[in-house]
Amino acid sequence: MGILDFLKRKPEPTATVAKERLRIIVAQERSTRGAPDYLPLLRNELLEVIKKYVHVDLEAININVERDSGHEILELSVALPDHAQAKSAG
Amino acid sequence: MTAEIIVVTSGKGGVGKTTTSASLATGLAIAGKKVAVIDFDVGLRNLDLIMGCERRVVYDFVNVVHGEATLKQALIKDKRYETLYVLAASQTRDKDALTQEGVEKVLEDLDKEGFDYVVCDSPAGIEKGAHLAMYFADHAVVVVNPEVSSVRDSDRILGLLASKTRRAERGDGAIKQHLLLTRYNPARVAVGEMLSVKDVEEILGINVVGVIPESENVLAASNAGVPVILDENSFAGQAYSDTVARILGEERALRFTEVQKKGFFQRVFGG
């Protein structure tokens, strides 16, 4: 990159970046709103267990608490990688 | 209860809650309503300064809650409007000075005194003071700046309003939520440096009740202890007038959200 490149560069539309970041974080926070406080911990521990068998990221685990009349449903989904490489369970 | 309780809240500090509370209360009084505006920020009294009545505070909100003064003694009558009263925050450091029962009693007494509106100026954060300020509300004005942390915090506040208020707990129908975008700079929005009204509305899934442009008149008004809504020449003051009218049910188009080309006279004389 040349020294004078910054003169040519247009200012980044930072508002677009802000909007996209907010869209994602707000959606994520809404999905766990009002849910029990132990959910993040539960998510981390589940990740540890799942990692023993497949490589997944924290983002691959989705936890939702749905409220229906009189009962709650804990919904858990794990997106497995395309070529799930099973480790030896040892 | 016939008095309508309006909480002005935001989560994040420094976004314009007290400025908004002062202008909203004054605007409602201008519309002929009997209004009390209460500072819930125990320990950090500020509304009195913005309303310009700081030297007339004798008793405060906590004194009333603890029975050390009557409501009538503690209500400070505004110098400009007959039907406008201020209840100052206490400067005690005891954060538990306010109780839910105590706040409820004060609100009931204001209702008995014939107040039409009670504006509750919430402290920042989501601690006890903020909780108490919103708990009894019928309306909420959520003040947000076009800035990432403020938008995120206001989403949390919207969530709390929908679950942690008396209306929510009793199933009395939802609290009316009004989103107020403040410190808006159309010129920066135009060049993509600032979130637009539409961006904020889309992210939070709620339409704005008003947009207050960033304005030097806001600081000038707080310097002078005059709510900015009374500065009729300023865009911010006019935008607050529009906002109050909308909260009272009037339809008014948004103003000051586009870049203004200053005319010759405005350039020379300001405006």
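Can you find, within segment B:174-191, the residue that is nearest to the other protein chains (Cβ to nearest Cβ) among those that are in contact with a strand residue (DSSP E or B) (Cβ under 6 Å, 6 or more places away or on another chain) and either open to solvent by 50 Å² or more (accessible area, probe 1.4 Å) or among the small types (G, A, S) (or both)?
Looking at the filtered set, the residue picked out is B:Q177.
Can you name the number of the only condition in (1) touching a helix residue (DSSP H, G or I) at 6+ places or on another chain (Cβ under 6 Å); (2) open to solvent by less than 40 Å² (accessible area, probe 1.4 Å); (3) closer than 22 Å to B:V208 by Cβ that B:V148 fails?
Among (1) touching a helix residue (DSSP H, G or I) at 6+ places or on another chain (Cβ under 6 Å); (2) open to solvent by less than 40 Å² (accessible area, probe 1.4 Å); (3) closer than 22 Å to B:V208 by Cβ, B:V148 violates only (2).
Of all residues being open to solvent by 40 Å² or more (accessible area, probe 1.4 Å) and farther than 17 Å from B:D138 by Cα in segment B:84-100, which is modelled with the highest pLDDT? Just the residue, please.
The residue in question is B:Y85.
Looking at B:V218, is it part of a loop (DSSP other than H, G, I, E, B), surrounded by 15 or more Cβ atoms within 10 Å (Cβ to Cβ) and touching a residue at least 40 places away in the same chain (Cβ under 8 Å)?
no
From the list B:A130, B:A168, which one is open to solvent by less than 50 Å² (accessible area, probe 1.4 Å) and within 20 Å of B:T19 (Cβ to Cβ)?
Of the residues listed, the single one that is open to solvent by less than 50 Å² (accessible area, probe 1.4 Å) and within 20 Å of B:T19 (Cβ to Cβ) is B:A130.
Which one of B:D111, B:D138, B:D116, B:D78 is more than 14 Å from every other protein chain (Cβ to nearest Cβ), open to solvent by less than 40 Å² (accessible area, probe 1.4 Å) and under 18 Å from B:S23 (Cβ atoms)?
B:D78
Give me a count of the residues in segment A:25-52 that are at the interface with chain B (Cβ under 10 Å from one of its Cβ atoms) and either closer than 16 Å to A:I73 by Cα or not small (G, A, S) (or both).
6
Taking the conditions exactly as written (touching a residue at least 60 places away in the same chain (Cβ under 8 Å) and open to solvent by less than 30 Å² (accessible area, probe 1.4 Å)), does B:V103 satisfy them or not?
no
Among the residues of segment B:192-207, is there at least one that is of a type outside the set (A, V, I, L, M), touching a His at 6+ places or on another chain (Cβ under 9 Å) and surrounded by 15 or more Cβ atoms within 10 Å (Cβ to Cβ)?
Taking every residue of segment B:192-207 in turn, none turns out to be of a type outside the set (A, V, I, L, M), touching a His at 6+ places or on another chain (Cβ under 9 Å) and surrounded by 15 or more Cβ atoms within 10 Å (Cβ to Cβ).
On the basis of being part of a helix (DSSP H, G or I), more than 14 Å from every other protein chain (Cβ to nearest Cβ), open to solvent by 40 Å² or more (accessible area, probe 1.4 Å) and over 19 Å from B:L24 (Cβ atoms), does B:N223 make the cut?
yes
Modelled with pLDDT under 95 and touching a Gly at 6+ places or on another chain (Cβ under 8 Å): does that describe B:S163?
yes
Residue check, B:K261 against (1) modelled with pLDDT of 95 or more; (2) part of a loop (DSSP other than H, G, I, E, B); (3) among the basic types (K, R), all met but one. Which one?
For B:K261, the exception is condition (1).
One line per residue, one yes/no per condition, for (1) within 14 Å of chain A (Cβ to nearest Cβ); (2) of a type outside the set (D, E):
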{"site": "B:V86", "(1), (2)": "no, yes"}
{"site": "B:S90", "(1), (2)": "no, yes"}
{"site": "B:D94", "(1), (2)": "no, no"}
{"site": "B:V106", "(1), (2)": "no, yes"}
{"site": "B:H131", "(1), (2)": "no, yes"}
{"site": "B:I157", "(1), (2)": "yes, yes"}
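The values are calculated or read from the model by the stated rules, or taken from the named source; none is laboratory data. Note that this is a predicted model, so its numbers are computed, not measured. Reconstructed Cβ throughout: ideal geometry from the backbone, glycine too, with neighbour counts over all protein chains shown. The accessibility values were calculated without ligands, DNA or RNA, using every heavy atom of the protein model including side chains. Shrake-Rupley method; radii C 1.70, N 1.55, O 1.52, S 1.80 Å.
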